[in-house]
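The block underneath contains the structure these notes are about, expressed in structure tokens.
Every number here is computed from the coordinates shown, using simple stated rules; none is lab data. These numbers come from a predicted model, not from an experiment. Note that we place each Cβ from the backbone using ideal geometry, even for glycine, and neighbour counts take in every protein chain shown.
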Amino acid sequence: MIKPLSHRTESFTESVIREMTRISDSMNGINLSQGFPDFNASEEIKRAAIRAIKNNFNQYPVTFGESELREAISKKAWRYNKIRCNPDTDITVTCGATEAMLSTLMAIINPGDEIIIFEPFYENYIPDGILSGATPRFVSLHPPHWHYDSKELSKAFNRKTKAIIINTPNNPTGKVFSKTELTEISQLCHKWNSFAITDEIYEHILYDGEQHVSIASLPGMEDRTITLNSVSKTYSVTGWRVGWAIASAKITKRIRKVHDFMTVGAPTAFQHATATALAFPDVYYKKLQRQYENARKFLYDTLVENGFNPYIPKGAYYMMTDIKQLATRLKSCNDLDFSKKLIEKTRVATVPGFSFFHQKNKKSNLVRFAFCKKMETLQKVKNHLNRLLTSAY
Ligand code: GLN
């Protein structure tokens, strides 16, 4: 009999997103569960990575990031996010935004500290909280527009609140936090002397004229915000594992130490290629938006035509949909069962909504579809879902 494993990680549940991907792969399914593109990254970014390897960027990087990349991040953060940051002191390059979030929490949390998380949330934030020792408090986002209740938000803050986690554009809801909302959040951060940790990896994937606002650009927030981002989503290279955290020098110093001991550094060659990507001209981002706009419309129409009730996202590349009506038809009692039946009957893999809520025993009426896929893939999804309509389940 071996000694007990860590109590801290005992309550970890398996990632439902990754589990659905495994089920999908084993059934040769169409994976609309995990949010990664199935189309190719641009030739230019791929060439930049090959060039970096050929130029012998194959050893450890500067632990907190190659200077070429930190320069590029700083320029882009000013150009796009209106965030001023010094590449020498205010940026840490990490293994994806995933590590940026964990390193940040490890760097700032003490026992007894609380973090506020909007719910539904991206599932990693819970294990991140557990690993760092933070106690989460949840504030609901309400469909169809995923607004929060100001009273509930201000009630969640107290003197133990170390930080609030914001993810805009939001996974899984597609909500884009407005300047008014972010101003309200920033006022609460000032009032309670709390940090804002903002995950902005979908910042370029916006619809219907929505504008991305970084809370770090709001008055007085530069010293209390940690802005997280990554190369993964904007440049369709989720396997490169290059992300970063922007924060004041004092916070950055601490994040860099955690990061150094945890991972040493993010892949060197991909850091150099990321620097090339960050200098892409505006047309690159416009084209990306157009492509996602089309995918969003196609999936929305497909879901409606097949009896789902989807919520139209304002940003990011996920669509949450209500399944109440269809669940009755599929004789499924909850979202997990529904997702499993759906993949069995149509080979289309989704993520059951409960995984985005903290009460895992409570099932939801929601399912998430990722639409960062080729039109050809989405067309296949349409054909397969149409079978639901015509069959007698
Ligand atoms: N962010 C993506 C999603 O929500 C991928 C998650 C992951 O597997 N790291 O699907």
Task: Principal-axis tilt of helix 249-263 within the chain, Cα atoms, nearest 10 degrees - done: 60 degrees
Task: Mean projected area (nm²) of the alpha-carbon convex hull when the chain is viewed from all directions - done: 20.3 nm²
- [ ] Over the alpha-carbon set of region 145-256, divide Rg by the Kirkwood Rh and report the Rg/Rh ratio to two decimals.
- [x] 0.97
Task: Degrees separating the helix 282-305 axis from the principal Cα axis of the chain, which is the longest one - done: 30 degrees
TODO: Please report the Cα spread of region 1-103 along all three principal axes, rounded to whole Å, starting with the longest.
DONE: 49, 37, 33
Task: Projected label distance in nm at V264 and F138, using a 7 Å step from Cα toward the beta-carbon - done: 3.9 nm
Task: Cα Rg, Dmax (largest Cα-Cα span) when computed across region 300-393, Å - done: 12.6, 36
Task: Inter-label distance for H190 and R79, nm, one decimal - labels placed 7 Å from Cα along Cα-to-Cβ - done: 3.1 nm
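To one decimal place, what Kirkwood hydrodynamic radius in Å is obtained for region 256-322 from all pairs of distinct Cα atoms? The partial results should precede the final answer.
On the way: mean 1/r = 0.0652 Å⁻¹.
This gives a value of 15.3 Å.
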- [ ] List, in order, the whole-Hz ³J(HN,Hα) value for each residue of region 364-379 obtained from phi through the Karplus relation with A = 6.51, B = -1.76, C = 1.60 and θ = phi - 60°; use x for Gly and Pro.
- [x] 10, 9, 10, 9, 10, 10, 9, 10, 7, 10, 4, 4, 4, 5, 5, 5
TODO: First measure r as the distance between the Cβ atoms of A249 and M27, then evaluate 1/(1 + (r/R0)^6) with R0 = 56 Å and state the FRET efficiency to the nearest 0.05.
DONE: 0.65
Task: Cα principal axis extents for region 237-393, largest first, Å - done: 60, 40, 24
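To two decimal places, what compactness ratio does region 131-177 give when its Cα radius of gyration is scaled by 2.2 N^0.38 Å? Each step should come with its number before you reach the end.
On the way: Rg = 11.9 Å, N = 47, 2.2 N^0.38 = 9.5 Å.
My calculation over the Cα atoms of region 131-177 gives 1.25.
Ranked by Cβ crowding within 10 angstrom, fewest neighbours first, how are W146, W240, W78, W192 ordered?
Exposure proxy ranking, most exposed first: W78, W192, W146, W240.
With r defined as the distance between the Cβ atoms of E14 and Q211 and R0 fixed at 45 Å, what FRET efficiency is calculated, to the nearest 0.05? Provide the component values of the computation, followed by the final result.
Details: r = 37 Å, r/R0 = 0.82.
With R0 = 45 Å, the Cβ-Cβ based efficiency is 0.75.
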- [ ] Just the Kirkwood number for region 72-133, please: inverse of mean 1/r across all distinct Cα pairs, in Å, one decimal.
- [x] 13.5 Å
Open item on the list: Bin width 10 Å, origin at 0, all Cα-Cα pairs of region 191-296: what percent of pairs per bin?
Closed with: 12, 37, 35, 15, 1
- [ ] For the chain, find the longest principal axis of its Cα atoms and tell me its angle to the long axis of helix 67-81, 0 to 90°, nearest 10.
- [x] 60 degrees
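What area, in nm² and to one decimal, does the C-alpha convex hull of region 49-159 cast on average over all directions?
Working: hull surface 40.5 nm².
Mean projected area of the Cα convex hull: 10.1 nm².
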TODO: For region 212-264 and region 100-117, write down the distance between their C-alpha centroids in whole Å.
DONE: 14 Å
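Please return the longest range in the chain lying between exposed loop sites, taking trypsin sites (Lys or Arg not before Pro), DSSP loop only, at most 16 other beta-carbon atoms within 10 Å, and leaving the sites out. Intermediate results must be reported in sequence, preceding the final value.
Working: sites that count: R8, K82, R84, R159, K160, K331, K360, K362, K374.
The longest uninterrupted stretch comes out as 161-330.
Taking the Cα centre of region 1-122 as origin, sum charge times position over the Cβ atoms of Lys and Arg (+1) and Asp and Glu (-1), and report the length of that vector in debye to the nearest 20. Provide the component values of the computation, followed by the final result.
Working: 14 positive and 16 negative charges, 96 e Å.
Here the size comes out at about 460 debye.
Normalized C-alpha radius of gyration of region 117-207, against 2.2 N^0.38 Å?
On the way: Rg = 12.7 Å, N = 91, 2.2 N^0.38 = 12.2 Å.
My calculation over the Cα atoms of region 117-207 gives 1.04.
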